[in-house]
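The values are calculated or read from the model by the stated rules, or taken from the named source; none is laboratory data. Everything numeric in this text was worked out from a predicted model, so none of it was measured. In this analysis, Cβ positions are derived from the backbone assuming ideal geometry, glycine residues included, and neighbour counts consider all displayed protein chains.
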Amino acid sequence: MTILVFVGSLLLAMAMGIPIAFSLLASGVALMWHLDLFDAQILAQNVIGGADSFPLLAVPFFMLAGEIMNVGGLSRRIVDFAMALVGHVKGGLGYVTILAGCLLSALSGSAVADAAALTALLLPMMVSAGHDKARSGGLIAATGVIGPVIPPSIGLVIFGVAANVSISKLFLAAIVPGLLIGAALWLTWAWLVRSEKIVPPPRKSGVEIMRAFRQALWALFLPVIILVGLRMGVFTPTEAAVVAAVYALFVSTVIYRELRWKDLYGIFVSAAKTSAIVMFLIAAAMVSAWLITVADLPSKVVGLLEPFMGSKILLMFAIMVLVMIVGTAMDMTPTILILTPVLMPIVKAAGIDPVYFGVLFIINNSIGLVTPPVGTVLNVVAGVGRISMDDVTKGVVPFMIAEFVIMFVMVLFPWLVIWPARLLGA
């Protein structure tokens with residue numbers, strides 16, 4: 001009955017069109033009434049306490065870094081460098097998209113920011129080259145999914161805080177899985193364009209490649225600084241977010257000189273608005289997280305998953321399918337915040353490595369950003385690229401399937417995540 005009250009009130013509020021943050025608060029209040037624990041002071045304390053977290057400071061600073069990179073020319077130079085490397089190959093613009101997406105993922109950590117930048121920069125080029133617009137938009141949307149996986153990742157920060165798991169270990173463990181997703185997209189694109197008769201541009205000379213590399217060098221330094229700093233213990237993930245924002249601001253204004261000081265106000269306002277939405281979601285979800293613990297919902301869910309508890313792989317399969325279903329109807333951040341306190345006790349009871357689980361959980365939620373009907377990244381690509389939602393959805397299907405296949409391969413073979421993570425010191 002407790003699960004029914006929580007889930008039912010949440011779904012009812014969402015069906016009524018109430019924003020997800022307020023729906024979370026409504027479901028929390030409903031659960032408090034059901035448990036005879038309603039107290040406005042407790043409600044307020046949990047909301048305030050939910051946002052009062054030092055690690056969560058990484059969210060607004062990574063958001064700010066992403067905004068600065070897009071306006072300040074860092075994103076464009078990354079795309080130009082990728083174009084110089086692989087633009088001459090058959091279907092080269094698709095490979096440029098994937099390569100640039102992986103590089104941008106190591107800069108901003110936001111799927112929406114990466115997808116918007118790639119759509120604005122590459123979609124017109126792909127269409128003018130003769131590629132199908134829907135397929136090109138689908139590839140860009142699927143590439144945006146890598147953003148929350150390859151560190152720095154806002155999703156991993158939120159999960160780390162909610163699950164009390166080391167964010168630094170999550171960052172290091174997610175590098176190889178993110179690259180594997182990129183490889184899956186690469187192979188899928190190669191299969192889809194094998195029959196196309198589009199003439200690629202000529203190969204860039206070594207001098208042109210080196211020129212593009214030099215121009216992108218300052219942007220490429222950022223992920224190196226962040227990952228080396230985290231690995232060597234120079235700064236925490238939160239401090240890394242500040243370093244990323246300050247570094248991007250310095251490069252954009254002093255080195256590239258594309259960001260004018262008068263543009264800063266708009267950038268700060270945009271980052272603040274996006275951060276406020278995420279932080280309020282987190283604050284509202286903390287009420288539900290506290291009540292989930294009080295109501296002992298994890299033990300009730302354990303009962304439902306009892307048939308799978310004997311096998312870690314079967315249990316992970318069951319959890320991943322559950323997250324896939326939820327991801328079709330709910331955005332990434334609320335899914336993390338709602339399911340993490342429910343699933344983590346189950347994961348620990350089954351003896352599954354929390355870092356390994358966290359990486360797969362975030363991958364699943366990231367793919368949820370391109371699964372209809374919600375598909376936040378699909379909406380971004382459709383809006384920026386002026387494509388119908390139906391066309392983008394059709395175009396993303398083969399790439400989305402490839403990403404799910406890679407995810408379940410990592411469920412079957414956990415060492416694909418665990419071994420590289422240990423090698424990197426996670």
Item to complete: Might you check whether a residue that is among the aromatic types (F, W, Y), within 30 Å of A134 (Cα to Cα), assigned by TED's automatic domain parsing to the domain that holds V176 and at pLDDT 85 or above occurs anywhere in the range 417-424?
Response: no
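A quick yes/no check of all residues on (1) in contact with a helix residue (DSSP H, G or I) (Cβ under 7 Å, 6 or more places away or on another chain); (2) in the same structural domain as P334 (by TED's automatic domain parsing):
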{"position": "S27", "(1), (2)": "yes, no"}
{"position": "A44", "(1), (2)": "no, no"}
{"position": "M63", "(1), (2)": "yes, yes"}
{"position": "M69", "(1), (2)": "yes, yes"}
{"position": "L74", "(1), (2)": "yes, yes"}
Worksheet item: Based on what the data block shows, is A402 in a helix (DSSP H, G or I), farther than 22 Å from S153 by Cβ, among the aliphatic types (A, V, I, L, M) and in the same structural domain as L192 (by TED's automatic domain parsing)?
Response: no
Worksheet item: If you check V59 against the conditions, is it part of a helix (DSSP H, G or I), assigned by TED's automatic domain parsing to the domain that holds T238 and farther than 30 Å from L187 by Cα?
Response: yes
Worksheet entry | Number of positions in the range 33-54 that are closer than 23 Å to V161 by Cβ and among the hydrophobic types (A, V, I, L, M, F, W, C) | 7
Worksheet item: If you take the residues of the range 77-99 that are modelled with pLDDT of 85 or more and of a type in the set (G, A, S), which of them is farthest from L185 (Cα to Cα)?
Response: A84
Discussion item. Just the residues that are charged (D, E, K, R) and either loosely packed, with under 15 Cβ neighbours inside 10 Å or within 17 Å of L220 (Cβ to Cβ) (or both), please, taken from the range 243-275.
Written reply: R257, E258, R260, K262, K273
Item to complete: Using the structure shown, decide if V176 is of a type in the set (A, V, I, L, M, F, W, C), in contact with a Phe, Trp or Tyr (Cβ under 8 Å, 6 or more places away or on another chain) and touching a residue at least 12 places away in the same chain (Cβ under 8 Å).
Response: no
Fill in: Considering residues of the range 293-310 that are of a type outside the set (D, E) and out of contact with any helix residue (DSSP H, G or I) (no Cβ under 9 Å at 6 or more places or on another chain) only, the residue modelled with the lowest pLDDT
G303
Worksheet item: When V381 is evaluated against the numbered criteria (1) part of a helix (DSSP H, G or I); (2) modelled with pLDDT under 85, which criterion, by number, is the only one it fails?
Response: (2)
Discussion item. V112 - would you say it is surrounded by fewer than 23 Cβ atoms within 10 Å (Cβ to Cβ), in contact (Cβ under 8 Å) with a residue 12 or more places away in the chain, assigned by TED's automatic domain parsing to the domain that holds V71 and β-branched (V, I, T)?
Written reply: yes
